[in-house]
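Encoded as structure tokens, the structure appears first; notes follow it.
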Amino acid sequence: ALVVYGDLLADPGWSGYDPEEAYTVFNELASKGFWGARYRLAALHAHHSFSKASAKKGYSLYKSLYDDNRNADLEVRRVYAARAAYQLFKCTLDGVGVRASESKATKWLELSAEGGHVISQYELGKRLVAGDGANSDFDRGVSWLIGAARRGHVDARGELARLNLDHPIVDLDQDIIVGWLKELVDAGSGDARLLLRRYGIEYKAPATREKRPSDEKERKYDPYAPIEAA
């Protein structure tokens, strides 16, 4: 409950935005060993402007999160390490709390991708394919994109569909790509529909019938069921 409260306080779009109070909440929880609060505290320092904010402190907190959790036995802690490495990539790229360095930023991105962070896998894949901020390595970049796409990353799927048109991807069956694009069309993507046409396929999303009151079956609730089941 306190983490949710802190998230609200740290949201600039919320009418009660108060980074000072969010800092107090997260700092207290972080001192008790809550990794999520420590991660949020780092974000407050790195990306918010208030009296106690320090970009260097934010970078340092992200770095300690990575160091403390990268080799942990629990997966949830390794996830925090990968997420922290992604934030270190952005900080190092933009010069937040540390001197900007393209090469060092890319290294953090690689560590985050290796740790399983799907956004990092997508961004690293794109960079390697394009040679942006890293040595161009098309095959390795495609491999990272495939990994992200198979975990459901929408942009990675679209990127692979575009790449495959000019550079056929041996490790990825075209039927899989077409299936991904159809799912995107079903979700309302016009770009996916255009890509399907380039593959020689005309596809329309299935029509959905508007639900009528009579379609809804009466739902029964167990008053003694766990709250998650409600």
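Could you please let me know if residue 72 is of a type in the set (A, V, I, L, M, F, W, C) and closer than 29 Å to residue 103 by Cβ? Even if it seems obvious, please write down each step before you answer.
On the way: of a type in the set (A, V, I, L, M, F, W, C): yes; closer than 29 Å to residue 103 by Cβ: yes.
Considered against the rule, which asks whether it is of a type in the set (A, V, I, L, M, F, W, C) and closer than 29 Å to residue 103 by Cβ, residue 72 comes out as yes.
Check 115, 131, 141, 125 and return the single one that is closer than 26 Å to residue 170 by Cα, in contact (Cβ under 8 Å) with a residue 40 or more places away in the chain and of a type outside the set (A, V, I, L, M). Steps first, please.
Details: 131 fails: in contact (Cβ under 8 Å) with a residue 40 or more places away in the chain; 141 fails: in contact (Cβ under 8 Å) with a residue 40 or more places away in the chain; 125 fails: in contact (Cβ under 8 Å) with a residue 40 or more places away in the chain.
None of the others qualify; the one that does is 115.
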Those residues of the stretch 95-105 that are surrounded by 13 or more Cβ atoms within 10 Å (Cβ to Cβ) and free of Cβ contacts under 8 Å to residues at least 24 places away in the same chain come to a total of 2
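Of the residues that sit in the stretch 127-153 and are acidic (Asp, Glu) and in a loop (DSSP other than H, G, I, E, B), which one is least open to solvent (accessible area, probe 1.4 Å)?
The initial filter retains those residues of the stretch 127-153 that are acidic (Asp, Glu), namely 132, 137, 139.
Keeping just the survivors that are in a loop (DSSP other than H, G, I, E, B) gives 132, 137.
Values: 132: 84, 137: 59 Å².
Out of the qualifying residues, it is 137.
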If you take the residues of the stretch 80-94 that are out of contact with any His (no Cβ under 7 Å at 6 or more places or on another chain) and open to solvent by 30 Å² or more (accessible area, probe 1.4 Å), which of them is farthest from residue 56 (Cα to Cα)?
80
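Can you tell me which residues in the stretch 137-146 are out of contact with any His (no Cβ under 9 Å at 6 or more places or on another chain) and under 14 Å from residue 110 (Cα atoms)? Can you show your working first?
Of the residues in the stretch 137-146, the ones out of contact with any His (no Cβ under 9 Å at 6 or more places or on another chain) are 137, 139-141, 143-144, 146.
Matches in the stretch 137-146: 137, 140, 141, 143, 144.
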For the stretch 85-100, enumerate the residues that are hydrophobic (A, V, I, L, M, F, W, C) and closer than 12 Å to residue 116 by Cα.
85
Against the definition (touching a helix residue (DSSP H, G or I) at 6+ places or on another chain (Cβ under 7 Å), of a type outside the set (Lys, Arg) and surrounded by 17 or more Cβ atoms within 10 Å (Cβ to Cβ)), how does residue 5 come out, yes or no?
no
Among the residues of the stretch 21-36, which ones are under 20 Å from residue 89 (Cα atoms) and among the small types (Gly, Ala, Ser)?
36
Please indicate, with yes or no, whether at least one residue in the stretch 154-163 is open to solvent by less than 20 Å² (accessible area, probe 1.4 Å), out of contact with any His (no Cβ under 7 Å at 6 or more places or on another chain) and either in a loop (DSSP other than H, G, I, E, B) or farther than 21 Å from residue 193 by Cβ (or both).
no
The number of residues in the stretch 106-117 that are open to solvent by less than 40 Å² (accessible area, probe 1.4 Å) and within 16 Å of the chain's Cα centre (by Cα) is 7
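The values are calculated or read from the model by the stated rules, or taken from the named source; none is laboratory data. Predicted, not measured: the structure shown is a model, and the values here were computed from it. Every residue, glycine among them, receives a Cβ derived from its backbone with ideal geometry; neighbour counts consider all protein chains shown. In case anyone asks, the SASA skips ligands and DNA or RNA and just uses the protein heavy atoms, side chains included. Shrake-Rupley method; radii C 1.70, N 1.55, O 1.52, S 1.80 Å.
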